[in-house]
Amino acid sequence: MIHKLGPLNNNREGFESLAELWSLASLLVSRSLELDFSMCSSLDGNMAAPLGALLAIVADKLNRTEIVAVQVAIENSLRRNQFLTNYGYPTLEAGPTILPFQSFQLTEERLFGEYLKQHLPGKGFPQLTEGAGKVFQQSVFEIFQNAVAHSDSKLGVFVCGQFFPNELRLNLTISDPGVGICNKVRAFLGKKDLPSEEAIQWALAGGHTTRTGKRPGGVGLKFMLDFVKRNRGNIQIVSGDSVYSASAGYDKLHSGLPGTTVNFEVNTADTQSYHEPDVAPENIF
Amino acid sequence: MAEVTRGEVVVRVFDVIGTSLAVSSDDGQKVYEKIAPLLHQGQKVRLSFDKIETIISAFLNAAVGQLYGEFSEEKVRDLFNVQEMSPEDLALLKRVVDNAKLYFDNRKEFDQAWRDEVGGQQ
């Protein structure tokens, strides 16, 4: 099968391009997929994460993927972030704006920590104040841990980031080809027809968790959303056929995507201290 | 891993999990499994975050939030405390503790209210 991929930017249209690909590629078993980039006229490097997650499912179903007709600037970007390495393209030196495309198994939290330690410095750090940088890192770990706890992804988690120095923003995207936040919420609430938008809305409310064991949950996503608001950054959460954006609300895709993608945009010009007023430990419990 | 100071057992997170990143539920579980038996014995416990650089809610939910499913608020308040946490991490811990109290108090009612709201089945 040949599919012409559309533009892949950090917006609804970017995810629409992926949904179009998925609507066809999801049907393939033991076949060949030629992914033609000739119509992909623009691309944000971090979108390699959800593309990589989709193609991991395609490969898991014993299909062979070939990537062709990539425009030069986009090819260079995807060679620098090492996305194209798996498709036979030589890697280019990453440069100062890239957090490379990488996959992690759900058990590799520490490796993910090493990845952030190695690749975050210089991408808006240390311009970003220490406090903001710390809360950003905590938020990123919360997203990763959310995938660990809820995605049931056998293929792991896919990560990629891009710093845009002229716009003073850093996009870091974490995508898992697992069960998906919407399906997880539907199963938990016993409502299989719950629209994706309402499922995401439920998951984002403070105190909500699909956990059923002895460990409470439901703080991490709220923590992250509070940071995004204060930082004047953005977050996109894509699951099923819904795209949630903290800055633009909910939007629909023409067809659904598997798993969950969280696209985190941090405003690296943030100079707030993020200092919290002192809370005496004795007053916490 | 633990030392007794002025009648309190100090449990050092770094020694239990072996990393400065307190970012996983499983590592939080390891810490919980050190603390809970001591509290069952009526032993005072102080959890030290010395050398810990990053802490997230998922870790704290497992290590500390879970205590409220096993012990009363009074018992946790009397026997448990923390040290060497930044004001920001203490604020996060407060969120986790407040959430855990609600979770264990109202879990059934809270989830049923949502199921009713969206028309799902129990």
On the given criteria, is B:Val13 more than 9 Å from chain A (Cβ to nearest Cβ), crowded, with 16+ Cβ neighbours inside 10 Å, closer than 25 Å to A:Gln138 by Cβ and in contact with a Phe, Trp or Tyr (Cβ under 6 Å, 6 or more places away or on another chain)?
yes
Hey, among A:Ala69, A:Ala49, A:Ala73, A:Ala132, which residue is small (Gly, Ala, Ser) and under 18 Å from the mean Cα position of the chain (by Cα)?
A:Ala49
Taking segment A:26-39, which residues are of a type in the set (A, V, I, L, M, F, W, C) and in contact with a strand residue (DSSP E or B) (Cβ under 6 Å, 6 or more places away or on another chain)?
A:Leu33, A:Leu35, A:Met39
Please work out which one of (1) at the interface with another protein chain (Cβ under 7 Å from one of its Cβ atoms); (2) at pLDDT 95 or above is the condition B:Leu102 fails and give its number.
(2)
Among the residues of segment A:174-193, are any of a type in the set (S, T, N, Q), under 19 Å from the mean Cα position of the chain (by Cα) and either surrounded by 19 or more Cβ atoms within 10 Å (Cβ to Cβ) or more than 23 Å from A:Ser17 (Cα to Cα) (or both)?
yes
Just one of A:Leu225, A:Leu253 is in contact with a strand residue (DSSP E or B) (Cβ under 9 Å, 6 or more places away or on another chain) and within 29 Å of B:Pro87 (Cα to Cα); which is it?
A:Leu225
Confirm whether B:Ala63 is touching a strand residue (DSSP E or B) at 6+ places or on another chain (Cβ under 6 Å), within 30 Å of A:Glu114 (Cα to Cα) and at pLDDT 95 or above.
no
Looking at (1) among the aliphatic types (A, V, I, L, M); (2) more than 8 Å from chain A (Cβ to nearest Cβ); (3) part of a helix (DSSP H, G or I), can you tell me which one B:Ile52 breaks?
(3)
What are the pairs, 6+ residues apart or on separate chains, where a residue within segment A:232-252 that is without any contact (Cβ under 8 Å) to a residue 24 or more places away in the chain has its Cβ under 6 Å from a residue that is not basic (Lys, Arg) and not in a strand (DSSP E or B)?
A:Ala246/A:Val228
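Residue by residue, here is whether (1) at pLDDT below 95; (2) crowded, with 24+ Cβ neighbours inside 10 Å; (3) within 14 Å of another protein chain (Cβ to nearest Cβ) holds:
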{"residue": "A:Gly122", "(1), (2), (3)": "yes, no, no"}
{"residue": "A:Pro126", "(1), (2), (3)": "yes, no, no"}
{"residue": "A:Gly133", "(1), (2), (3)": "yes, no, yes"}
{"residue": "A:Gln137", "(1), (2), (3)": "yes, no, yes"}
{"residue": "A:Lys154", "(1), (2), (3)": "no, no, no"}
{"residue": "A:Val157", "(1), (2), (3)": "no, yes, yes"}
{"residue": "A:Cys160", "(1), (2), (3)": "no, yes, no"}
Quickly run through segment A:26-41 and pick out the residues that are of a type outside the set (S, T, N, Q) and more than 20 Å from the chain's Cα centre (by Cα).
A:Leu27, A:Leu28, A:Val29, A:Arg31, A:Leu33, A:Glu34, A:Leu35, A:Asp36, A:Phe37, A:Met39
With respect to the numbered conditions (1) crowded, with 21+ Cβ neighbours inside 10 Å; (2) more than 19 Å from A:Asp176 (Cβ to Cβ), which one is the sole condition not fulfilled by A:Ala280?
(1)
Does B:Ala91 qualify as being surrounded by 15 or more Cβ atoms within 10 Å (Cβ to Cβ) and either over 15 Å from B:Leu21 (Cβ atoms) or within 7 Å of chain A (Cβ to nearest Cβ) (or both)?
yes
Being under 18 Å from the mean Cα position of the chain (by Cα) and assigned to a helix (DSSP H, G or I) is the filter; apply it to segment A:85-113 and report the residue that is nearest to A:Asp270 (Cα to Cα).
A:Gly113
Please determine whether any residue of segment B:64-84 is more than 8 Å from chain A (Cβ to nearest Cβ), in contact with a helix residue (DSSP H, G or I) (Cβ under 6 Å, 6 or more places away or on another chain) and over 21 Å from A:Gly217 (Cβ atoms).
yes
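The values are calculated or read from the model by the stated rules, or taken from the named source; none is laboratory data. Nothing here was measured: the structure is a model prediction, and the numbers come from that model. Neighbour counts run over all protein chains shown; Cβ positions are idealised from the backbone, glycine included.
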